[in-house]
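Before any comments, here is the structure.
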Amino acid sequence: MHAVACIKQVPRSHDVSIDPETGTLDRSGAESVINPLDLHAVEAAAQLAAATDGRATALSMGPPQAEEAVREALARGCGRGILLSDRAFAGSDSYATSKTLAHAV
């Protein structure tokens, strides 16, 4: 079996504030981590791979610094990590992101 865990790098929640003028998230100075819910997918993929003598891959789409998240997934048991990173992906909405990840899988 080959299990693929899609992961996303997000700002640590307690490091984020709301910009009072724009009403948007101010991520400046926020540490980036793997989305906490995605860590469950990483763990499940690693467990499935171990139980079935299969493979576990962490897959992410984002800027080059998202490599940190992929490396963390490798440290947590995934045997392979893939980061899709290109300027063409900048500003992708959920639909474009899901289509890109689906094609990668």
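The table below lists the values:
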{"quantity": "The stretch 53-105: proportion of alpha-carbon pairs further apart than 14 angstrom, %", "calculated": "54 percent"}
{"quantity": "Residues whose placed amide H lies under 5 Å from that of ASP26, excluding near-sequence neighbours", "calculated": "SER17, ILE18, ASP19"}
{"quantity": "The chain - share of DSSP beta bridges that are antiparallel (%, nearest 5)", "calculated": "30 percent"}
{"quantity": "³J(HN,Hα) computed for each position of the stretch 9-26 - Karplus, 6.51 cos²θ - 1.76 cosθ + 1.60, integer Hz, glycine/proline x", "calculated": "8, 10, x, 4, 4, 7, 9, 9, 10, 9, 6, x, 7, 9, x, 9, 5, 9"}
{"quantity": "Surface per residue (accessible, 1.4 Å probe) for the chain, Å²", "calculated": "66 Å²"}
{"quantity": "Accessible carbon and sulfur surface of the chain relative to its total accessible area, %, 1.4 Å", "calculated": "52 percent"}
{"quantity": "Ellipticity estimate at 222 nm from DSSP helix runs (n ≥ 4, -39,500 (n - 2.57)) divided over the chain, nearest 500", "calculated": "-11000 deg cm²/dmol"}
{"quantity": "Percent of C-alpha pairs per 5 Å bin, the chain, short to long", "calculated": "2, 13, 20, 21, 19, 13, 7, 3, 1, 1, 0"}
{"quantity": "Gyration tensor (Cα) of the stretch 19-59, equivalent ellipsoid semi-axes in angstrom", "calculated": "36, 8, 7"}
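The values are calculated or read from the model by the stated rules, or taken from the named source; none is laboratory data. Just so we're clear, the structure is a prediction, and the values are computed from it rather than from any experiment. Keep in mind that these areas ignore ligands, DNA and RNA; they rest on the heavy atoms of the full protein, side chains included. Shrake-Rupley method; radii C 1.70, N 1.55, O 1.52, S 1.80 Å.
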